[in-house]
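S.K.: The following block contains the structure, expressed as structure tokens.
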Amino acid sequence: MFTNRFYSPFLLLGLSSICTSVFAEQAHQHEFIQHEAHVHGLVTFNIVQDGNELLVEINSPGNDVLGFEHQPKSDEDQKRYQQVTHLLKQPESILHLPENAQCKAEYVSVKDNIAQTKEAHHDHDHDHDHDHDHDHDHDHDHDHDHDHQHGTFTLEYHFQCNNIQQLSSISTQWFTQFPSTQTIDINLLTDANQQHIELKNPSNTIQW
Ligand SMILES: [Zn+2]
């Protein structure tokens with residue numbers, strides 16, 4: 001019924017009612033202006049079921065999936081970036097939905113701001129160093145990563161399920177694919193349920 005274009009903001013509005021910070025973070029990412037205040041090792045899944053549709057939105061520090069957050073420059077970095085992007089574009093390599101729910105991925109989006117972090121942040125950091133050399137609190141806020149920059153991946157997987165009543169769990173291969181992630185923070189919103197679930201490595205089942 002909804003096209004993807006209309007569907008996504010519609011769901012995000014629903015999500016914002018349970019987690020306004022997620023919504024605010026989203027807005028930041030889309031501007032590509034400043035560092036993500038993300039924590040390495042912590043990934044967020046926002047899972048929304050509405051009618052026959054299931055949306056899984058994943059926010060991950062670049063460091064968790066790539067091992068770095070700078071713009072890929074060396075051949076090795078480039079190769080890793082290509083591999084990871086390719087992997088993330090295949091929902092079945094990240095999520096396993098129960099067969100009997102008969103879900104089919106109908107939309108996949110993989111975005112990151114890795115490529116955009118370089119120049120702007122270099123200037124930004126330089127200004128900070130110059131103005132606030134002595135200010136340790138300030139440095140701490142901005143520089144908890146050695147690279148002085150953060151890059152985040154934002155993934156969206158939309159599924160259409162013919163038998164969504166059978167969907168009450170999802171298993172994820174995230175910890176197998178990306179072992180440096182320690183925790184997945186899950187915000188779950190279904191027709192019947194609204195909850196926060198924390199998955200610790202190596203647990204892999206989200207159940208409601
Ligand atoms: Zn980071």
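The values are calculated or read from the model by the stated rules, or taken from the named source; none is laboratory data. Note that the structure is predicted; figures quoted are calculated from it, not measured. Cβ placement follows ideal geometry from the backbone for every residue including glycine, while neighbour counts extend to all protein chains displayed. Ligands, DNA and RNA are excluded from the accessible area calculation, which covers all protein heavy atoms including side chains. Shrake-Rupley method; radii C 1.70, N 1.55, O 1.52, S 1.80 Å.
S.K.: Within region 182-204, how many residues are touching a helix residue (DSSP H, G or I) at 6+ places or on another chain (Cβ under 9 Å) and among the small types (G, A, S)?
M.R.: So the answer is 1.
S.K.: Same structure, new question: Being at pLDDT 90 or above, over 22 Å from H158 (Cα atoms), hydroxyl-bearing (S, T, Y) and open to solvent by less than 90 Å² (accessible area, probe 1.4 Å), is that true of even one residue in region 49-65?
M.R.: No, that holds for no residue.
S.K.: Another question, if that's okay. Restricting attention to region 13-36, does a residue exist that is at pLDDT 50 or above and either within 12 Å of the ligand (Cβ to nearest atom) or among the hydroxyl-bearing types (S, T, Y) (or both)?
M.R.: Checked against the condition, which is being at pLDDT 50 or above and either within 12 Å of the ligand (Cβ to nearest atom) or among the hydroxyl-bearing types (S, T, Y) (or both), region 13-36 yields no hits at all.
S.K.: For region 70-95, which residues satisfy the criterion of being of a type in the set (D, E) and under 25 Å from F159 (Cα atoms)?
M.R.: Filtering region 70-95 for residues of a type in the set (D, E) gives 75-77, 92.
Scanning region 70-95 gives a single hit, E92.
S.K.: Being more than 16 Å from the ligand (Cβ to nearest atom) and open to solvent by 20 Å² or more (accessible area, probe 1.4 Å) is the filter here, so list the residues in region 147-163 that pass it.
M.R.: Those that are more than 16 Å from the ligand (Cβ to nearest atom) and open to solvent by 20 Å² or more (accessible area, probe 1.4 Å): E156, Q160, N162, N163.
S.K.: Can you tell me how many residues within region 164-198 are outside any strand (DSSP E or B) and either under 18 Å from D112 (Cα atoms) or away from the ligand (no atom under 16 Å from the Cβ) (or both)?
M.R.: Here the count works out to 17.
S.K.: Can you run down the residue pairs with Cβ atoms below 7 Å, 6 or more apart or on separate chains, where the first is in region 43-62 and closer than 30 Å to Q149 by Cβ and away from the ligand (no atom under 16 Å from the Cβ) and the partner is modelled with pLDDT of 95 or more and among the hydroxyl-bearing types (S, T, Y)?
M.R.: V56/Y157
S.K.: Here is a further query. Output the qualifying pairs, or none if there are none: Cβ atoms under 7 angstrom, residues six or more apart or on different chains, first residue in region 84-108 and small (G, A, S), second residue open to solvent by 80 Å² or more (accessible area, probe 1.4 Å).
M.R.: Listed by first residue and then by second, the contacts come to A101/Q166.
S.K.: Right, D75: more than 16 Å from the ligand (Cβ to nearest atom), at pLDDT 95 or above and farther than 18 Å from H40 by Cα or not?
M.R.: On the way: more than 16 Å from the ligand (Cβ to nearest atom): yes; at pLDDT 95 or above: yes; farther than 18 Å from H40 by Cα: yes.
Here the answer is yes, as D75 does meet what is asked.
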